[in-house]
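The values are calculated or read from the model by the stated rules, or taken from the named source; none is laboratory data. As the structure is a prediction and not an experimental result, all values here were calculated from the model. All Cβ positions, glycine included, derive from the backbone under ideal geometry; neighbour counts span all protein chains shown. We work out accessible area using only protein heavy atoms, side chains counted, and drop any ligands, DNA or RNA first. Shrake-Rupley method; radii C 1.70, N 1.55, O 1.52, S 1.80 Å.
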Amino acid sequence: MKLVAEDLTVSRGGRLVLVGVGFAVAAGGALAVVGPNGAGKSTLLRTLAGLITPDSGSVRIEGDDDEPRERMHLLGHLDAVKAGLTVERNLRFARDALGGEGVLQAALDHVGLGALAELPGAVLSAGQRRRLALARLICAPRPVWLLDEPTAALDAAGQRLLERLVAEHRAKGGLVVAATHMELGFEDAETLDLGKSAARSRNSALMSRP
Ligand SMILES: Nc1ncnc2c1ncn2[C@@H]1O[C@H](COP(=O)(O)OP(=O)(O)OP(=O)(O)O)[C@@H](O)[C@H]1O
């Protein structure tokens, strides 16, 4: 299996954000997407996930016949916790929506939220919300993880947990693309620097959409 992005050009609000971005990540691989604020890291992840349609270019998963977006798991930087649902219900909702079969309590225990299962989502701290998002990755296994600032709000133990989850995922043949401002500690990760790409130099031009 291989995730391949080819010659992606993406505009937002009439402005070119990405121009001609391409890369490939094979099973077991990891790609860190870096670049300054506004470089287009989140835009790239959302385009890979099929949430933004590129102006041109393509995203495909080689060696897999399923619809690409069915094989991807996007962990956005907003953690999408429903305030009125319990932690366990939040996870159940996400798992079922993603078609997963993971055991909820086991996943919550794994990310250190086991004792909080019956609390409403509203009371979770920022780091706990992030840990709940990590539990979604466990409960609904998908081979391609798209992680937007995955270490945001995580304490040192949480960052090690993330590193372990990613290492286990890659060892099982999964792959990871992560947008980040931090050193992630993912072994042998490749880097895509959007600050250095052609996109950046052309990014400042205000484009009028046809
Ligand atoms: N919904 C939108 N409508 C119009 N422009 C947008 C929209 N979302 C993002 N943009 C613009 O697209 C550009 C890239 O934004 P994006 O969020 O992808 O950057 P980023 O590299 O993830 O930034 P950061 O490091 O700050 O998270 C920015 O100039 C931003 O203003």
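Answer yes if at least one residue in region 112-124 is of a type outside the set (Phe, Trp, Tyr) and under 19 Å from the mean Cα position of the chain (by Cα), and no otherwise. Looking through region 112-124, none of the residues is of a type outside the set (Phe, Trp, Tyr) and under 19 Å from the mean Cα position of the chain (by Cα). Of the residues examined, VAL4 is one that is closer than 18 Å to MET72 by Cα, within 18 Å of the chain's Cα centre (by Cα) and in a strand (DSSP E or B).
To keep it simple, each residue is scored yes or no on (1) more than 22 Å from ALA133 (Cα to Cα); (2) open to solvent by 10 Å² or more (accessible area, probe 1.4 Å); (3) within 16 Å of the ligand (Cβ to nearest atom).
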site	(1), (2), (3)
GLY13	yes, yes, yes
LEU18	yes, no, yes
ALA30	no, no, no
PRO54	yes, yes, yes
ARG60	yes, yes, no
HIS77	no, yes, yes
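Among the residues of region 127-157, those that are open to solvent by less than 60 Å² (accessible area, probe 1.4 Å) and among the small types (Gly, Ala, Ser) comprise GLY127, ALA133, ALA135, ALA140, ALA152, ALA157.
Evaluated against (1) away from the ligand (no atom under 13 Å from the Cβ); (2) of a type outside the set (A, V, I, L, M); (3) under 16 Å from the mean Cα position of the chain (by Cα), LYS41 falls short on exactly one condition, (1).
Would you check if LEU48 is buried (at least 20 other Cβ atoms within 10 Å of the Cβ), within 15 Å of the chain's Cα centre (by Cα) and hydrophobic (A, V, I, L, M, F, W, C)? For LEU48, the condition - buried (at least 20 other Cβ atoms within 10 Å of the Cβ), within 15 Å of the chain's Cα centre (by Cα) and hydrophobic (A, V, I, L, M, F, W, C) - is met.
The residue pairs whose first member lies in region 158-183 and is within 18 Å of GLY127 (Cα to Cα) and open to solvent by 20 Å² or more (accessible area, probe 1.4 Å), whose second member is of a type in the set (Gly, Ala, Ser) and not in a helix (DSSP H, G or I), and whose beta carbons are closer than 8 Å, counting only pairs six or more residues apart or on different chains, are GLN159/GLY185; GLU163/GLY185.
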